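Data first, discussion second: the structure below is written as structure tokens.
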Amino acid sequence: MEEVPREAPHSPAPEAFASVTAEGAVAETLITVDSPGSMSELGRRIAGLLRPGDLVLLTGELGAGKTTLTRGLGEGLGVRGAVTSPTFVIARVHPPLGDGPALVHVDAYRLGGGLEEMEDLDLDVSLPESVVVVEWGDGKVEELSEDRLHVVISRAVGHEEVLDDVRQVSVRGIGARWAGAADGLAGLAERVAR
């Protein structure tokens, strides 16, 4: 594996910091990712921090890399089945190949309502023994858990041009579960190998 260059052109270096907000304890890490392979690697690294009962919200425009990150999460968790976008089926369950948790991958893009519309998916039943990842979940599933990991993926911009494969990724832990994980989240800021 080749190491990603120290800094992408005109993008900030990764930072890690912790603060407390009205939502509760928050730990946040900012990471620059320069390729789909690096995005998958970041997913594998995040998977190393996850445990049954964790809720992960993914935010980013179409094509930002949410499903690529989730594919890396699935590899890191050691689940069965190819992780693909669940856009047309809304949710896919990937059982573990070993003793780890299942991965429940949800795409809430086409769901307009809040948690009421999500209730038919029984995510609250799946959450205690699984890792639940929800793409487009902002404003829809936060009530499932006071503790959640929120990953925001943005395209990097430099000198009036969009840098094709470069993404800025914010990984923010919300709630008591993540208050003690600031060091683990900060470790994600180490350069992600391709």
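In the assembled protein chains, residue 90 presents an accessible area of approximately 30 Å² (probe radius 1.4 Å).
A straight chain from residue 90 to residue 179 at 0.36 nm per residue would run longer than the Cα-Cα distance by 29.0 nm.
The values are calculated or read from the model by the stated rules, or taken from the named source; none is laboratory data. Because the structure is a prediction, the values reported are computed rather than measured. Accessible surface areas use protein heavy atoms only, side chains included; no ligands, DNA or RNA. Shrake-Rupley method; radii C 1.70, N 1.55, O 1.52, S 1.80 Å.
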